[in-house]
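The values are calculated or read from the model by the stated rules, or taken from the named source; none is laboratory data. Because the structure is predicted, anything quoted here is derived from the model rather than measured. All Cβ positions, even for glycine, are placed from backbone atoms using ideal geometry, and neighbour counts span all protein chains on display.
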Amino acid sequence: MEPLLVLTNVPDVAVADKLAHALIESRAAACVNVLAACRSIYRWRGAVETADEIPMLIKTTAASWPQVEAIVRAHHPYEVPELVAVPMTHGLPAYLAWLAKETEKHD
(Lines give C-alpha, C1' and ligand atoms only; values in the text may rest on other atoms or scores of the structure.)
Protein backbone atom coordinates (compact mmCIF):
# COMPACT_ATOMS: atom_id res chain seq x y z
CA MET A 1 0.00 0.00 0.00
CA GLU A 2 1.36 3.39 -1.01
CA PRO A 3 -0.33 6.14 1.03
CA LEU A 4 -0.75 9.57 -0.57
CA LEU A 5 -1.57 13.04 0.70
CA VAL A 6 -3.45 14.85 -2.09
CA LEU A 7 -3.78 18.64 -2.12
CA THR A 8 -6.37 20.75 -3.86
CA ASN A 9 -8.03 24.15 -3.43
CA VAL A 10 -11.66 24.95 -4.22
CA PRO A 11 -13.50 28.27 -4.40
CA ASP A 12 -15.85 27.81 -1.42
CA VAL A 13 -17.01 25.57 1.44
CA ALA A 14 -20.02 24.24 -0.49
CA VAL A 15 -17.78 22.83 -3.23
CA ALA A 16 -15.36 21.50 -0.60
CA ASP A 17 -18.13 19.68 1.28
CA LYS A 18 -19.60 18.19 -1.89
CA LEU A 19 -16.19 17.01 -3.07
CA ALA A 20 -15.22 15.62 0.35
CA HIS A 21 -18.45 13.63 0.64
CA ALA A 22 -18.05 12.23 -2.89
CA LEU A 23 -14.49 11.09 -2.10
CA ILE A 24 -15.42 9.45 1.21
CA GLU A 25 -18.69 7.86 0.08
CA SER A 26 -16.94 6.26 -2.91
CA ARG A 27 -14.07 5.02 -0.70
CA ALA A 28 -11.61 6.89 -2.93
CA ALA A 29 -10.27 8.54 0.24
CA ALA A 30 -10.17 7.59 3.91
CA CYS A 31 -10.28 11.16 5.20
CA VAL A 32 -10.60 14.67 3.80
CA ASN A 33 -9.70 17.77 5.79
CA VAL A 34 -11.47 20.94 4.70
CA LEU A 35 -9.26 23.74 5.98
CA ALA A 36 -9.85 27.41 6.72
CA ALA A 37 -9.89 29.83 3.82
CA CYS A 38 -6.63 31.12 2.42
CA ARG A 39 -5.61 33.68 -0.17
CA SER A 40 -3.97 32.35 -3.34
CA ILE A 41 -1.93 34.57 -5.62
CA TYR A 42 -0.96 33.07 -8.96
CA ARG A 43 -0.39 33.81 -12.63
CA TRP A 44 -3.17 32.69 -14.99
CA ARG A 45 -3.21 33.43 -18.70
CA GLY A 46 -0.57 36.12 -18.37
CA ALA A 47 -2.18 38.03 -15.50
CA VAL A 48 -1.56 37.96 -11.77
CA GLU A 49 -4.74 36.78 -10.03
CA THR A 50 -5.84 36.71 -6.39
CA ALA A 51 -8.52 34.39 -5.06
CA ASP A 52 -9.85 33.31 -1.68
CA GLU A 53 -9.91 29.52 -1.65
CA ILE A 54 -10.57 26.56 0.62
CA PRO A 55 -7.61 24.15 0.88
CA MET A 56 -8.31 20.44 1.12
CA LEU A 57 -6.10 17.57 2.31
CA ILE A 58 -7.15 14.20 0.92
CA LYS A 59 -5.73 11.03 2.48
CA THR A 60 -5.75 8.13 0.03
CA THR A 61 -3.56 5.52 -1.67
CA ALA A 62 -1.76 5.30 -4.99
CA ALA A 63 -4.21 2.57 -6.04
CA SER A 64 -7.10 5.00 -5.49
CA TRP A 65 -5.43 7.91 -7.33
CA PRO A 66 -7.34 7.38 -10.63
CA GLN A 67 -10.66 7.47 -8.77
CA VAL A 68 -9.62 10.55 -6.76
CA GLU A 69 -8.61 12.33 -9.96
CA ALA A 70 -11.89 11.44 -11.68
CA ILE A 71 -14.01 12.61 -8.74
CA VAL A 72 -12.10 15.88 -8.38
CA ARG A 73 -12.43 16.57 -12.10
CA ALA A 74 -16.17 15.83 -11.95
CA HIS A 75 -16.85 18.14 -8.98
CA HIS A 76 -14.24 20.89 -9.38
CA PRO A 77 -15.38 24.10 -11.09
CA TYR A 78 -11.91 25.26 -12.19
CA GLU A 79 -10.74 24.72 -15.75
CA VAL A 80 -7.38 23.49 -14.42
CA PRO A 81 -7.70 22.55 -10.75
CA GLU A 82 -4.68 22.16 -8.54
CA LEU A 83 -4.40 18.44 -7.86
CA VAL A 84 -1.07 17.16 -6.57
CA ALA A 85 -0.16 14.05 -4.60
CA VAL A 86 2.69 13.72 -2.14
CA PRO A 87 3.81 10.26 -1.04
CA MET A 88 3.55 9.56 2.69
CA THR A 89 6.94 8.03 3.42
CA HIS A 90 6.30 7.62 7.16
CA GLY A 91 3.26 7.39 9.38
CA LEU A 92 1.82 5.83 12.49
CA PRO A 93 1.33 2.17 11.49
CA ALA A 94 -2.18 2.01 12.96
CA TYR A 95 -3.20 5.13 11.01
CA LEU A 96 -1.78 3.80 7.74
CA ALA A 97 -3.56 0.46 8.30
CA TRP A 98 -6.83 2.36 8.85
CA LEU A 99 -6.23 4.39 5.67
CA ALA A 100 -5.68 1.18 3.67
CA LYS A 101 -8.82 -0.44 5.12
CA GLU A 102 -11.02 2.60 4.40
CA THR A 103 -9.95 2.81 0.76
CA GLU A 104 -10.46 -0.90 0.03
CA LYS A 105 -12.98 -1.50 -2.70
CA HIS A 106 -16.06 -3.46 -1.62
CA ASP A 107 -18.09 -5.11 -4.35
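Please report, ordered by residue number, the strands (runs of 3 or more DSSP E) entirely within the stretch 9-90 with at least 1 residues that are in contact (Cβ under 8 Å) with a residue 40 or more places away in the chain, closer than 20 Å to THR103 by Cβ and touching a Cys at 6+ places or on another chain (Cβ under 9 Å).
Passing ranges, in order: 47-61.
How many of the residues in the stretch 71-91 are within 18 Å of PRO55 (Cβ to Cβ) and hydroxyl-bearing (Ser, Thr, Tyr)?
1
Might you let me know whether the stretch 52-62 holds any residue that is out of contact with any strand residue (DSSP E or B) (no Cβ under 8 Å at 6 or more places or on another chain) and either within 20 Å of VAL80 (Cα to Cα) or modelled with pLDDT of 95 or more (or both)?
No.
Mind checking which residues of the stretch 10-19 are out of contact with any helix residue (DSSP H, G or I) (no Cβ under 9 Å at 6 or more places or on another chain), surrounded by 11 or more Cβ atoms within 10 Å (Cβ to Cβ) and under 21 Å from VAL80 (Cβ atoms)?
PRO11, ASP12, ALA16
Being over 15 Å from ILE24 (Cα atoms), among the β-branched types (Val, Ile, Thr) and more than 16 Å from the chain's Cα centre (by Cα) narrows it down to one of VAL48, VAL80, VAL84, so name that one.
Among VAL48, VAL80, VAL84, only VAL48 is over 15 Å from ILE24 (Cα atoms), among the β-branched types (Val, Ile, Thr) and more than 16 Å from the chain's Cα centre (by Cα).
Results for (1) surrounded by 15 or more Cβ atoms within 10 Å (Cβ to Cβ); (2) not hydrophobic (A, V, I, L, M, F, W, C), shown as yes or no for each residue.
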position	(1), (2)
ASN33	no, yes
ARG43	no, yes
VAL48	no, no
PRO55	yes, yes
LYS59	yes, yes
ILE71	yes, no
HIS75	yes, yes
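Among the residues of the stretch 20-31 satisfying the criterion of being more than 8 Å from ILE58 (Cβ to Cβ) and touching a Ser or Thr at 6+ places or on another chain (Cβ under 8 Å), which is surrounded by the most Cβ atoms within 10 Å (Cβ to Cβ)?
Once the filter is applied, the top-ranked residue is ALA28.
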